Amino acid sequence: MILKNKRVLFLYDYSKKIGNGHLQRCKYFSKIFPKNFKLNFVKTKSKGLLSSRKKIYEYGIIDSYLIKIKDEKILKKICQKLIMIDDFKRKSSLSNIVINYSPLANKKFYKDNGNKFLLGSKFNFINLNEKIEKFSPKKKFNILIYFGLRNRQNLIQNIIAKIKNKSKFDKISIFGGKKKKIA
């Protein structure tokens with residue numbers, strides 16, 4: 001495959017139920033590509049998504065729960081390299097590179113199909129350059145943490161346990177999956 005113009009295909013989930021986090025993550029990830037690359041952002045629910053794609057892409061970036069192995073096989077025919085942004089701990093992927101920047105990510109979660117795994121918080125590409133300033137509130141306030149629709153009860157329990165001074169908050173609401181925990 002010889003490419004005259006370098007192209008990148010971003011496939012992302014977007015709906016009222018899922019929200020726009022996948023799109024925002026893809027937009028942030030797109031900053032790694034030079035300006036001469038042509039970026040194409042496509043929702044995974046687009047009709048005829050994979051059958052209508054005739055262009056050849058240098059990279060295919062997948063940030064979707066809807067793309068399955070059979071879809072990845074098709075994508076490998078139109079993309080030289082596939083990169084999967086995964087926070088779902090997929091068991092198997094045909095992508096060349098799998099990125100999961102969760103601090104809990106581990107290679108044992110995945111079936112090795114010859115992928116390169118970029119796992120753990122050191123591969124978090126979101127807000128890397130933003131300076132984190134120390135914050136000390138002057139009065140009590142409410143805090144809300146949302147982890148999406150997947151059940152994350154263990155993670156929620158760990159976060160609650162690590163909040164050192166709960167007395168600085170009026171209410172802490174943490175959502176993850178269908179259950180809600182209020183500390």
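A compact table of results
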| read-out | value |
| --- | --- |
| Amide H contacts under 5 Å for residue 6, placed H, 5+ residues apart | 38 |
| Full-extension gain in nm, residue 153 to residue 168, via 0.36 nm per residue minus C-alpha separation | 3.1 nm |
| The stretch 27-36 - phi-based ³J(HN,Hα) in whole Hz, Karplus 6.51/-1.76/1.60, Gly and Pro as x | 4, 5, 5, 4, 5, 6, 8, x, 5, 6 |
| Other-chain or far-sequence residues with amide H under 5 Å of residue 81's (modelled H) | 59, 60 |
| Summed residue charge, Cβ within 15 Å of residue 34's Cβ, Lys/Arg positive, Asp/Glu negative | +4 |
| Links that overshoot a 30 Å alpha carbon limit, given the list 35/81; 122/166; 16/139; 27/91; 43/164; 43/171 | 16/139; 43/164; 43/171 |
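We did not get these values from a lab; they are worked out from the coordinates using the rules stated. Nothing here was measured: the structure is a model prediction, and the numbers come from that model. Positions of Cβ are generated from backbone atoms using ideal geometry, with glycine treated the same way; all protein chains shown enter the neighbour counts.
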